[in-house]
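Beneath this line is the structure, given in structure tokens, with notes to follow.
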Amino acid sequence: MTISARKSDDQAFMKITEASLGDPFAAYLADDTTRALVAKVAARFGWPETAAEGGGVAAAARVIAVAPPPRILIVDFADSDDPLDDLIALEEALIAGSRVIAVGADNDARLARALLQKGAVDYLVKPFSPETLEELLQELQHEPKSDTDETGRIIAILGSRGGSGASTLAASCAWVLAEDLGQRTTLLDLDLCYGDAALAFNLAPGTGLRDSLETPERIDDLFLDRATLTAGERLEVLAAEEDPSETPQIAEDAVENLLEHLAERSSNVVVDLPRGFAQSAAVFKRADEIILVTVPTLPALRDAIRLQRLIRDVAPSSRIRLVINRADRSGNGQIGRRDVENQLTRKADLVIAEDQDLAAEAANNGQPIAALRPRSPFAVNLRKFTKSITGQANEGGWLRGLVRRGR
Ligand SMILES: Nc1ncnc2c1ncn2[C@@H]1O[C@H](COP(=O)(O)OP(=O)(O)OP(=O)(O)O)[C@@H](O)[C@H]1O
Ligand SMILES: [Mg+2]
């Protein structure tokens, strides 16, 4: 099968920018089994299952000829007599900025290399696992938008239930980003009355956070210099300890405004997000990463499922990472890691064991666990996890393995 296409050096093509991209995702597979698998993974990203269609590369080329190409495009070349020639039919999509994932039936390294050289971002050999595809899609979702995109990464952390360990994780995560990875980081605690972020670093909060949310027009660099607490050379904390009898009146767009300002002054803004925070949706929409922390119990799992659904509804393309905390507690009532993963249809990115002594010592010392016990399994695993958020754990770049095989 050969499908002709316009030449890539056509100057008019070069003017096409990302703005001309259409849907976030479309896939054209050559067999029903792979189509069903792709539809299932697409649903995890909030994309319609119908975005995974049949027809392979020929169908992809037909659609792209008449409609804006999707941002991520999966194309099955299994039926193609000449995959490289057929890839040219997708040239318009490639130039517009579509990230094209090629799928094939053969583990042919030469073909894979040639497809990658022509602009495909990866080559998946059938059969591949849902996890392989999910991992790749997540990487694509979170490629930097451009080299000049210099605003900081916003990492929102929330627990599925009270006491899940979201604040514990947020404090250590912020510390690792600043101290281990040397990146300027702000820890923002949006629990205005009961937040722990300042306590976690033995600091006394002022009224700056409340002021910044009630009168957002006051925010500028000088204001934030005064409002933030210094927790290290590259680490600042913005937290409050407001009187629980007075509910701060958060102004419209104040949370978005604050996040924008913080992302301009820091490489990372770690947001400790309390459950039930009225402006959670604004944080989800702006967050680059959303870390959902849950303990392995049924009630917590139920709430994790509901929160994941909420996040998917308001921020369909956000990246969610799952942390299971306080695992292996000797008490009954715990459910297995696999149950949590199956119900949430995602793998845990980090599993933290119960360690009451360590947690209590850190709280009493006013130090995050990663600072207090940098060699503890908690800190070692958290460092690896945090590095993966910054892309540093991704040795050899995100295009790992020329040909991916199902695991
Ligand atoms: N892995 C762990 N092992 C033992 N104790 C832990 C662990 N993780 C957290 N804790 C402890 O559990 C308690 C609750 O943790 P944390 O405050 O981080 O949870 P949270 O999700 O932020 O809760 P909240 O809903 O109150 O904001 C704290 O006392 C903390 O020290
Ligand atoms: Mg908390």
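Laboratory data are not the source of any read-out in this text; all were calculated from the coordinates shown. Please read all numbers here as calculations on a predicted model, not as lab measurements. Heads up, the Cβs are rebuilt from the backbone with ideal geometry, glycines too, and the neighbour counts pull from every protein chain shown.
Determine the gain in length on full extension of the stretch residue 376-residue 317; use 0.36 nm per residue of separation and subtract their C-alpha separation, reporting nm with one decimal.
17.9 nm
What's the local net charge at residue 43, with K and R +1, D and E -1, over the other residues with C-beta under 14 Å away? Could you put the intermediate results ahead of the total?
Numbers: positive: 35, 40, 44, 309, 312, 346; negative: 49, 134, 313.
With Lys, Arg at +1 and Asp, Glu at -1, the neighbours total +3.
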| What's the FRET efficiency of residue 246 with residue 204 using the Cβ-Cβ distance as r and R₀ = 25 Å, to the nearest 0.05? | 0.85
| task | Determine the relative contact order of the stretch 187-322: mean sequence separation of Cα pairs under 8 Å and six or more apart, normalised by residue count, in whole percent. | result | 27
| request: Can you figure out the FRET efficiency of residue 226 with residue 260, using R₀ = 25 Å and their beta-carbon distance, to the nearest 0.05? | output: 0.85
| field | Spacing of the two label points (7 Å from each Cα toward its C-beta) at residue 184 and residue 43, in nm | value | 4.5
| With a ≥ b ≥ c the root eigenvalues of the C-alpha gyration tensor of the chain, is it rounded (a/c under 1.5), prolate (a/b larger than b/c) or oblate? | prolate
| Entries of 285/384; 126/285; 126/347 with Cα pairs more than 31 Å apart | 126/285
| request: Go ahead and set up a Gaussian network model of the chain, Cα springs under 10 Å, then flag whichever of 163, 276, 182 fluctuates most. | output: 276
| remark: Highest GNM mean-square fluctuation among 27, 65, 156, for the chain with Cα springs under 10 Å, belongs to 65
| query | Which angle from 0 to 90°, rounded to the nearest 10, does the C-alpha axis of helix 166-175 make with the longest principal axis of the chain? | reply | 80
| Where does each of 194-201, 253-260 land if you order them by average Cβ count within 10 Å, highest first? | 194-201, 253-260
| request: Can you pull the one-decimal nm distance between simple spin-label points at residue 275 and residue 302, each 7 Å off the Cα toward Cβ? | output: 1.1
| message | Order these by the 10 Å Cβ neighbour count, fewest first: 375, 309, 62. | response | 375, 309, 62
| query | Using alpha carbons only, how many degrees (0 to 90, rounded to 10) separate the axis of helix 130-141 from the longest principal axis of the chain? | reply | 80
| query | Using only helices, what value at 222 nm comes out for the chain when you add -39,500 (n - 2.57) per DSSP H run of length 4 or more and divide by the total residues, to the nearest 500 deg cm²/dmol? | reply | -11000 deg cm²/dmol
